[in-house]
Amino acid sequence: MKKFVVVLAAGNGKRMKSHLYKVLHEVCGKAMVAYVVDAANGTQPTKIVTVVGAGAEQVEQTLAEKSDFVVQHQQQGTGDAVLAAKPLLAKEVGVTLVTTGDTPLFTSATFNALFSHHLTAGNAATVLTAKPANPFGYGRIIRDEQGHVLRIVEQKDGTPAELAVNEINTGVFCFDNQKLFAALAQVTNHNAQGEYYLTDVLEILRQQGEPVGAYAMSDFSESLGVNDRVALAAATKLMQRRINEAHMRDGVTLIDPERTYIDCDVKIGNDTVIEPGVVIKGDTTIGQGCQITTGSRIVASHLGNHVTVTASTLEHAKMADQTDIGPNSHLRPGAVICYGAHVGNFVEVKNAEIGENTKLGHLTYVGDATLGKDINVGCGTIFSNFDGVKKFHTTVGDHSFVGAGATLIAPLQIADHAFIAADSTITKDVSRYDMAIARGRQVNKPDYWHRLPLADSEEWK
Ligand code: UD1
Ligand code: CA
């Protein structure tokens, strides 16, 4: 039996009050619609068709080759949206699962269970239902005395008795593909919203004598639909728990998982310990036995094994095994910290490689540079890389010593085993085994105190 999936993602999402199209709002680093399409892909369907409308280009870009696309030009309801997929699906024989793009928590397991239930029951249509604590806003499942599904009634159309029902339409269905498109042709917009409701297909099929059923899922939270920012935060909380639990089961220690924020694609090795108040985003990988302390934010970065990050920010950076950073330091794009290197406190590194076992202890800026191994960079050193127009590069060779407070004005080549005296402003290249010193000489003036204005003041007597 061939499987197809239709993802409805053309609605305006007015309730988000956003410039960003609703289904592109992210939950733990991934667009909501991408979760839906990934879960759908997990059921190995022959084809996935995503129905797009306003903001179509961005949705197509986000999903790229994961889905086919059709455009619904005017948002006239969920039934009309499924009809937009007709050119790609109408001729197919098989089962079509329809789902919405604003329900990021559905899993492949649930979609698979619905497919199986639908096929085993031999239904023409099966709706996935759930029982939330508060059914307000959802379509209600209306059954007869024997429990057969009669129809679905929307919040805005229901009588008080119908709205008292707490079994709701999760917005996910399986249909016999041919029967779905035949029934959609008969859906009208005679309802409170003047829309073509997909939900009406169930009643149409039942009146034709087709078997129509429901499959009740036990965990309502998976079906949470995001229509506004409050629901977006609720979905993010649930996804965060799911992500964090998976890491803990894989051997990562999260001291307080409720206060640890890890995006969905992050990979973390076992025996890594993460303190509360840590944010790890994007395509980040962290090795084994690392320590990440409170106040760290790590974005699209790669950390080896036994790395310590203390209250620091890393963006598009790399830290090899046995390195450490912080507190209060910043790795910006292109920072590469090689094996055993030490980045201490108040250090910023941008587009620079810091060689093996090199030390940047304190208050240093390194931009556009290549540092060899076993270098000591003293406190307050500045790699001055910008003349207001262009950026220039500095190289420092292995085993060199850069004294505290040096300013290295790029472009500059400092060889291996070079010694830069503290507080020097270096503008010329330095050769192997040379010492460079460039600073004013100290002059001591004997008894000068008595010639100073303060000498007459009471305060300094
Ligand atoms: C819908 C269901 C409701 C169900 C709920 C579950 C209908 C009529 N109602 O209501 O029974 O309980 O989902 O979350 O189906 N969309 C389009 N084109 C349109 C209209 C909507 O693509 O013309 C898309 C939206 O982008 C969204 C999905 O369909 O992803 C659902 O639309 P929405 O307006 O959120 O429907 P609900 O009011 O939540
Ligand atoms: Ca919705």
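The values are calculated or read from the model by the stated rules, or taken from the named source; none is laboratory data. Everything numeric here is computed off the predicted structure, so don't read it as measured data. Cβ coordinates were reconstructed from backbone atoms using ideal geometry, including for glycine residues, and neighbour counts include every protein chain displayed. Just the protein is used for accessible areas: all its heavy atoms, side chains included, with ligands, DNA and RNA removed. Shrake-Rupley method; radii C 1.70, N 1.55, O 1.52, S 1.80 Å.
Sorted largest first by accessible area at a 1.4 angstrom probe radius, with every protein chain in place, the residues MET248, MET239, MET435 fall in the order MET435, MET248, MET239.
What FRET efficiency do you get for HIS19 and HIS399 if R0 is 51 Å and r is their Cβ-Cβ distance, rounded to the nearest 0.05?
Details: r = 54 Å, r/R0 = 1.05.
Step by step, r from the Cβ atoms, then E = 0.40.
Of all trypsin sites (Lys or Arg not before Pro) in segment 5-79, which ones are in loop regions per DSSP and have a Cβ with at most 11 other Cβ atoms within 10 Å?
Values: sites: LYS14, ARG15, LYS17, LYS22, LYS30, LYS47, LYS66; in loops: LYS17.
Loop-located and lightly packed - LYS17.
Ranking ASP176, ASP387 by solvent-accessible area of protein heavy atoms (1.4 Å probe, all protein chains present), from largest to smallest, gives ASP387, ASP176. Of the listed residues ARG242, ARG249, ARG140, the order by accessible area with a 1.4 Å probe, largest first, is ARG249, ARG242, ARG140. Considered as an equivalent ellipsoid built on the Cα gyration tensor, segment 312-436 has semi-axes of 21, 16, 13 Å, the largest given first.
Which value, in Å², gives the accessible area per residue of the chain when a 1.4 Å probe is used on the protein heavy atoms?
Numbers: 21900 Å² over 461 residues.
Per residue, the chain has an accessible area of 48 Å².
Across the chain the C-alpha pair distances fall into 20 Å bins from zero in the proportions 21, 36, 24, 14, 4, 0 percent. If you restrict to DSSP beta bridges whose two residues both lie in segment 3-223, what percentage is antiparallel, to the nearest 5? Antiparallel bridges: around 40 percent, rounded to the nearest 5. Karplus-based coupling profile of segment 89-101, in residue order and whole Hz: 10, 3, 7, 6, 10, x, 10, 10, 9, 10, 9, 9, x, with θ = phi - 60° in 6.51 cos²θ - 1.76 cosθ + 1.60 and x standing for Gly or Pro.
Filter the chymotrypsin sites (Phe, Trp or Tyr not before Pro) in segment 43-142 to those in DSSP coil with at most 15 other Cβ atoms within 10 Å of their Cβ, and list the result.
PHE136
Scalar couplings 3J(HN,Hα) for segment 386-397, obtained by applying the Karplus form with A = 6.51, B = -1.76, C = 1.60 to θ = phi - 60°, are 10, 9, x, 10, 10, 9, 10, 9, 10, 10, 10, x Hz; x denotes Gly and Pro.
Find how much the distance from PHE346 to ARG242 grows on full extension, using 0.36 nm per residue of separation minus their present alpha carbon separation; answer in nm with one decimal. Don't jump to the answer; show the numbers that get you there.
Values: separation 104, 0.36 × 104 = 37.44 nm, distance 3.48 nm.
Result: 34.0 nm gained on full extension.
Using a 1.4 Å probe over the heavy atoms of the protein chains, calculate the carbon and sulfur portion of the accessible area of segment 3-223 as a whole percent. Ligands and nucleic acids excluded, carbon and sulfur reach 48 percent.
Distance between the pseudo-spin-label points of GLN186 and HIS148 (7 Å out from Cα toward the beta carbon): 1.5 nm.
Need the full-extension length gain, TYR339 to ASN227, defined as separation in residues times 0.36 nm minus the C-alpha distance. One decimal, nm.
Working: separation 112, 0.36 × 112 = 40.32 nm, distance 4.73 nm.
Extra length available between TYR339 and ASN227 comes to 35.6 nm.
With 32 Å as the limit, the listed pairs LYS14/LYS281; LYS14/LYS47; LYS47/LYS267; LYS3/LYS281; LYS373/LYS428 have LYS3/LYS281 beyond it between alpha carbons.
Whole-Å semi-axes of segment 253-371's equivalent ellipsoid, largest first, each the root of 5 times a Cα gyration tensor eigenvalue? Don't skip to the answer; put the middle values down first.
Details: eigenvalues 97, 35, 33 Å².
Ellipsoid semi-axes (Å, largest first): 22, 13, 13.
Ranked by the mean number of other Cβ atoms within 10 Å of their residues, highest first, the peptides 337-345, 264-272 fall in the order 337-345, 264-272.
For a paramagnetic label modelled on ASP429 (point 7 Å from Cα along Cα→Cβ), amide N atoms under 12 Å away belong, within segment 377-404, to 395. Computed with every protein chain present, the accessible area of SER116 is close to 60 Å² [probe 1.4 Å]. From the alpha carbon centroid of segment 155-223 to that of segment 244-282 is 40 Å.
Taking all pairs of different Cα atoms in segment 3-223, averaging 1/r and flipping that mean, what Kirkwood radius in angstroms comes out?
Details: mean 1/r = 0.0576 Å⁻¹.
It works out to 17.4 Å.
Using a probe radius of 1.4 angstrom, the carbon and sulfur fraction of the accessible surface of segment 245-331 is 46%.
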